[in-house]
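The values are calculated or read from the model by the stated rules, or taken from the named source; none is laboratory data. Model, not experiment: these values are computed from the prediction. Using ideal geometry, Cβ is built from the backbone for each residue, glycine included, and neighbour counts are taken over all protein chains shown. When the accessible area is computed, the model is the full protein with side chains, heavy atoms only, and any ligands, DNA or RNA have been set aside. Shrake-Rupley method; radii C 1.70, N 1.55, O 1.52, S 1.80 Å.
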Amino acid sequence: MKTIVVSVGGSIIVPDKVDYAFLLSLRKAVEAIAKKYKIVICTGGGRTAREYISALRKAGAGNHTQDIVGIDATRLNARLVASFLSAGKKVKANAEIPKSLGDIKELLQVNNCVVCGGLGPGKTSDGTTAEIAEYLGADTIYNMTNVKGLYTKDPRKHRDAKFLPLISHEGFHDMMAKVKEKPGQHFVLDSEAERITREKNMEVIILKGACNLQKAVEGKKFEGTVIE
Ligand code: UTP
């Protein structure tokens, strides 16, 4: 059975408080997708990760310690999502959060859906999602964000920004180079995931909302940006 690999930003799961309505919509989409595919969801750490990391940075803690607390935040979100999915009783998600690529593969044998957070320090959840996709031989990663996709410019600052439904890896790479990446800065996909997917020629689908995820997976018309 083919595996669908999805990255879900922590800021979507817990924008301010837990987004219950989003989790319900995600569960509905996963239940539909699970009829045909296995699913791996990699969750981000969102605001919790950023706030905890920032406190430790201010206190003088090293990068490794900051990463570990970040990973813990991603794993807390993973546990929330996995347990939420299983609670619907229509799909089985993992009870334990995987710590390695091998764990994910093993858990996929006995679950419809495997939810994980970060797997090791010095990485990001988007980058980890790309690594998982490569490891499992998936040709696409689905990146769920809180914007509908990619624009020619920042749509919040430029009224003439145009939505881009399709862009090449090279075009996206050039665009990213212009957005100076500072720690904590947000772009639809981070640079690690951009590099892996470009080098491995993996398709990236950026979209907003569980309904669009389901449509994209089912090959229906959806709103989002395809990087290929
Ligand atoms: P995220 O990748 O979740 O950061 O990791 P983010 O982009 O701010 O989150 P979203 O997209 O809004 O959810 C948070 C931090 O956790 C550590 C890193 O320090 C990262 O900045 N981390 C995460 C790792 O060290 N390894 C991982 O695989 C994932």
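See the values below:
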item	result
Filtered residue count, the range 94-127, keeping only those that are open to solvent by less than 10 Å² (accessible area, probe 1.4 Å) and not in a loop (DSSP other than H, G, I, E, B)	6
The range 53-62: number of residues that are surrounded by fewer than 20 Cβ atoms within 10 Å (Cβ to Cβ) and within 12 Å of the ligand (Cβ to nearest atom)	5
Checklist (1) open to solvent by 60 Å² or more (accessible area, probe 1.4 Å); (2) within 22 Å of N77 (Cβ to Cβ); (3) part of a loop (DSSP other than H, G, I, E, B) applied to Y135, failing item	(3)
Which listed residue, of K162, K208, is touching a Lys or Arg at 6+ places or on another chain (Cβ under 6 Å) and open to solvent by 10 Å² or more (accessible area, probe 1.4 Å)	K208
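To keep it simple, each residue is scored yes or no on (1) open to solvent by 30 Å² or more (accessible area, probe 1.4 Å); (2) within 10 Å of the ligand (Cβ to nearest atom); (3) more than 22 Å from F187 (Cβ to Cβ).
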site: K2; (1), (2), (3): yes, no, yes
site: D19; (1), (2), (3): yes, no, no
site: L24; (1), (2), (3): yes, no, yes
site: V30; (1), (2), (3): no, no, yes
site: I33; (1), (2), (3): no, no, yes
site: E51; (1), (2), (3): yes, no, no
site: H64; (1), (2), (3): yes, yes, yes
site: N77; (1), (2), (3): no, yes, no
site: F84; (1), (2), (3): no, no, yes
